[in-house]
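> Here it is, the structure, as structure tokens.
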């Protein structure tokens, strides 16, 4: 069920962005490998059908179950990720992390609690693909506090700059 985040009367949405597309890479690789394995099972069962029909049926059935499971897992994963995850308003930053039937987290940080936002890009992959993390300094957080870190943010430097500008305007 979608989240019902109700804005305050004078609150306006500044930006709404989804996390970086890199989140789809690992599930896609896993899907391709397991889907290829199940397809290989189909080929092997066809080859084995002449010599051992019972073994061919077992291999075919195993391939079918494997394909069924990986296709459903993959599309469940895609549907779980297909929403806007980060919303910045004139009053708060909202981070939504959701996975169908498994995770339903909404984290809201009022802009009045944020002293600053830092962006981080670590490694060649994050630099080339232009994604990274945002760390929200709320006065009592440390840089490893998972409740203050948003991961897989596209163009984190731009997003941090925009949020810091909004914070300065609200002072």
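The values are calculated or read from the model by the stated rules, or taken from the named source; none is laboratory data. If you're wondering where the values come from, they're calculated on a predicted model, not measured in any experiment. All Cβ positions, glycine included, derive from the backbone under ideal geometry; neighbour counts span all protein chains shown.
> Considering (1) modelled with pLDDT under 85; (2) out of contact with any helix residue (DSSP H, G or I) (no Cβ under 6 Å at 6 or more places or on another chain), say which one residue 155 fails and leave the rest.
For residue 155, the failing item is (1).
> Let me ask something additional. How many residues are in contact (Cβ under 8 Å) with a residue 24 or more places away in the chain and part of a helix (DSSP H, G or I) when one looks only at the range 74-86?
Going through the range 74-86 one residue at a time, the tally reaches 5.
> Given the conditions (1) closer than 30 Å to residue 161 by Cα; (2) in a helix (DSSP H, G or I); (3) in contact (Cβ under 8 Å) with a residue 40 or more places away in the chain, and given that residue 10 satisfies all but one, which numbered condition is not satisfied?
Unmet condition: (2).
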